[in-house]
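Read through the structure below, which is laid out as structure tokens, and then see the notes.
The values are calculated or read from the model by the stated rules, or taken from the named source; none is laboratory data. Computed from a predicted model, the values in this text were never measured in an experiment. Ideal geometry is used to build each Cβ from the backbone, glycine not excepted, and the neighbour counts take in all protein chains shown. Please note that ligands, DNA and RNA were not included when accessible areas were found on the heavy atoms of the full protein model with its side chains. Shrake-Rupley method; radii C 1.70, N 1.55, O 1.52, S 1.80 Å.
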Amino acid sequence: MPDPRLWQLISPALPVGGYSYSQGLEYAVHAGWVHDEATTLAWIGALAEDVMTAVDLPLMARVHAVARAGDEVAVVALAARLAALRETAELRREDADMASALRRLLAALAPELDTLALASYSALFALACAHWNITPREALAGYLWAWAENQVQGATRLVPLGQTAAQRVLFALGARLETCVASALARDDDDLGYTAPGLVFASAAHETQYTRLFRS
């Protein structure tokens with residue numbers, strides 16, 4: 001059975017503020033790129049396969065490995081690399097703010113864990129999973145699921161999507177989860193990184209969007 005502490009980390013009730021961010025989705029809806037169920041699945045699915053699988057998940061696996069080995073210097077370096085790969089001010093602020101919230105929470109849940117003042121939420125998530133002996137595969141799958149669920153919840157409000165349509169999108173994304181995690185775990189160091197101009201443009205444009213529900 002998956003560790004209940006992983007369920008807690010991926011719960012929408014976790015007070016880290018993830019619901020406040022759309023990661024460019026709000027602008028994509030504003031621009032008409034995302035406007036129905038099919039385009040919602042296409043947008044979120046592409047980010048899962050081309051961004052999360054190419055950067056967040058493989059670097060999280062590396063954080064998990066070096067944390068289990070007790071290499072704090074490597075943990076900090078990998079977290080800094082993750083933070084540096086956030087290409088807009090909004091994405092960097094989102095990562096730092098959520099990391100700050102998770103650090104405060106872990107101080108209460110796992111006071112014995114040195115969170116090393118990590119400024120990357122995904123790195124801190126991986127560090128907590130390593131501390132609690134949650135396997136890398138389960139950690140990555142849980143993180144990706146929580147991210148996808150948050151994106152779909154955002155689309156439900158923004159597109160808007162009906163509840164049934166939103167569940168169909170989430171169901172389709174769930175079917176890709178295992179492949180994404182396997183790809184991330186198999187990725188070589190030379191293959192880390194992505195090119196996603198749509199995401200970068202949407203995030204940058206969102207900073208000056210006239211009306212906004214989300215912080216990114």
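Laid out as a table, the results:
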quantity: Set 137, 92: member being of a type in the set (D, E, K, R), over 15 Å from residue 8 (Cα atoms), surrounded by fewer than 17 Cβ atoms within 10 Å (Cβ to Cβ) and out of contact with any strand residue (DSSP E or B) (no Cβ under 7 Å at 6 or more places or on another chain); calculated: 137
quantity: Segment 173-195: number of residues that are open to solvent by less than 20 Å² (accessible area, probe 1.4 Å) and among the small types (Gly, Ala, Ser); calculated: 1
quantity: Qualifying residue in segment 24-39 (condition: in contact with a helix residue (DSSP H, G or I) (Cβ under 8 Å, 6 or more places away or on another chain), surrounded by 16 or more Cβ atoms within 10 Å (Cβ to Cβ) and of a type in the set (S, T, N, Q)); calculated: no
quantity: Top-ranked residue of segment 115-133 - restricted to ones that are touching a helix residue (DSSP H, G or I) at 6+ places or on another chain (Cβ under 8 Å) and open to solvent by 10 Å² or more (accessible area, probe 1.4 Å), ranked as nearest to residue 94 (Cα to Cα); calculated: 121
quantity: Qualifying residue in segment 170-180 (condition: of a type in the set (Phe, Trp, Tyr), within 26 Å of residue 54 (Cβ to Cβ) and touching a residue at least 40 places away in the same chain (Cβ under 8 Å)); calculated: no
quantity: Tally of residues being farther than 21 Å from residue 47 by Cα, hydrophobic (A, V, I, L, M, F, W, C) and either free of Cβ contacts under 8 Å to residues at least 24 places away in the same chain or assigned to a helix (DSSP H, G or I) (or both) across segment 125-157; calculated: 4
quantity: Residue 72 being of a type outside the set (A, V, I, L, M, F, W, C), farther than 27 Å from residue 178 by Cα and open to solvent by less than 10 Å² (accessible area, probe 1.4 Å); calculated: no
quantity: Residues within segment 140-172 that are open to solvent by 30 Å² or more (accessible area, probe 1.4 Å) and either over 25 Å from residue 4 (Cα atoms) or polar (S, T, N, Q) (or both), tallied; calculated: 9
quantity: Which listed residue, of 46, 84, 89, is under 20 Å from residue 151 (Cα atoms), modelled with pLDDT under 95 and out of contact with any Lys or Arg (no Cβ under 7 Å at 6 or more places or on another chain); calculated: 89
quantity: For residue 66: the one exception among (1) surrounded by 21 or more Cβ atoms within 10 Å (Cβ to Cβ); (2) under 26 Å from residue 124 (Cβ atoms); calculated: (1)
quantity: Odd one out for residue 115, checked against (1) assigned to a loop (DSSP other than H, G, I, E, B); (2) under 24 Å from residue 36 (Cβ atoms); calculated: (2)
quantity: Pair list, Cβ < 7 Å and 6+ apart or interchain, from segment 5-34 residues that are over 20 Å from residue 99 (Cβ atoms) and in contact (Cβ under 8 Å) with a residue 60 or more places away in the chain to residues that are assigned to a loop (DSSP other than H, G, I, E, B) and hydrophobic (A, V, I, L, M, F, W, C); calculated: 25/34; 26/213; 26/214; 28/34; 29/159; 34/159
